[in-house]
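Taken together, the values in this text are just the output of simple stated rules run on the coordinates, not laboratory data. Just so it is clear, the structure is predicted and the values come from calculations on it, not from any experiment. For neighbour counting, all protein chains shown are included, and Cβ atoms are generated from backbone atoms with ideal geometry for every residue, glycine included.
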Amino acid sequence: MSALLFASCDNISEEERLVYEKPEPAKRIVLLEDFTGQKCTNCPNANELIETLQNDFGDNLVVVGIHGGPLGFKGSAKLLGLATEVGDEYYTHWSLEYQPVGLINRQGATNYTSWAVKIKEEAAKPTTVSMELSAAHDGTDIDINVSTMGTDGQTVGKLQIYVLEDNITAMQLMPSGTANYEYVHNHVFRMAANGTWGEDITVEEGETIKKSVTVPLNSAWNKDNLSIVAFVYNDNGVVQAVKAKVVEAQP
């Protein structure tokens, strides 16, 4: 019987035994990092535009609202602030000079009036990885799982994971100069789950890299309004991004 098996294998040519199939090209998801602030009177206009962009581009667009910089507000005894030290660090690192301003796939600072054109340009570019993401909380921690799959050549860069929160009611200065204390803030950056600048990642074509991260569930967050954003970036900008809602872990 063994001899027959070996004989059968010998009849298969080398080309038929090892046929490589290149992974399917991945759809490029565009990352918009919106540098905003509660003391920024023009930021509500940018937020209105973001709602339109999300309707227009759908799942092709991931938005992160980073509060910080000179118009950020860290809070007071009576008012909730959304600015963070990490948000300030990002604002300074990118040498930003005004708010609102956006980084679209980290291709330089862009005024919000030009976001739609830039997003369309970035969405049309090819990417070299695809990503999958899931996240669940057990009431104490958030477990995050990211899979990064190489679809073309070798990709070298950083994997970054953010925690976001939607539907936060907090003060916002409006274009009229008045303060709106019932303003609803969405896609608010809460923390970088794997360090301020993420961690090194190298993905080969056809390879899948899996990463798991667990972060504490902050008591100040509404667990029902949390989501996770993960993206791969390098010196050329953001390669790919993905977003997933944080769900309740199943027993």
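Take the conditions more than 20 Å from L159 (Cβ to Cβ) and part of a helix (DSSP H, G or I) and apply them to F73. Does it pass? The answer is no for F73.
For the residues V146, V163, V188, V156, the requirement of being surrounded by 19 or more Cβ atoms within 10 Å (Cβ to Cβ) and within 14 Å of Q240 (Cβ to Cβ) singles out V146. Taken residue by residue, region 206-217 has at least one member that is closer than 24 Å to I168 by Cα, hydrophobic (A, V, I, L, M, F, W, C) and assigned to a strand (DSSP E or B).
When region 140-157 is filtered for residues that are of a type outside the set (A, V, I, L, M, F, W, C) and farther than 21 Å from K27 by Cβ, the ones remaining, listed by number, are T140, D141, D143. Please enumerate the residues belonging to region 70-99 that are closer than 18 Å to A220 by Cβ and surrounded by 14 or more Cβ atoms within 10 Å (Cβ to Cβ). Hits for region 70-99 are G72, F73, K74, L80, G81, L82, A83, T84, V86, G87. Report the residue count in region 129-162 for those that are touching an Asp or Glu at 6+ places or on another chain (Cβ under 9 Å), hydroxyl-bearing (S, T, Y) and within 22 Å of N105 (Cβ to Cβ). So the answer is 5. Anything in region 182-194 that is assigned to a loop (DSSP other than H, G, I, E, B) and touching a residue at least 24 places away in the same chain (Cβ under 8 Å)? List them, or say none. Listed by number, the residues that qualify are Y183, N186, H187, A193, N194. From (1) buried (at least 16 other Cβ atoms within 10 Å of the Cβ); (2) without any contact (Cβ under 8 Å) to a residue 24 or more places away in the chain, pick out the condition that doesn't hold for V117. Single failed check for V117: (1). Scanning region 27-59 for residues that are touching a residue at least 40 places away in the same chain (Cβ under 8 Å), surrounded by fewer than 17 Cβ atoms within 10 Å (Cβ to Cβ) and within 14 Å of the chain's Cα centre (by Cα) gives no hits. With the condition kept exactly as written, say whether any residue in region 213-229 is within 18 Å of L79 (Cβ to Cβ) and free of Cβ contacts under 8 Å to residues at least 24 places away in the same chain. Looking for residues that are within 18 Å of L79 (Cβ to Cβ) and free of Cβ contacts under 8 Å to residues at least 24 places away in the same chain, one finds at least one in region 213-229, hence yes.
Just to be sure, is G108 small (G, A, S), more than 24 Å from S227 (Cα to Cα) and surrounded by fewer than 17 Cβ atoms within 10 Å (Cβ to Cβ)? In short, yes.
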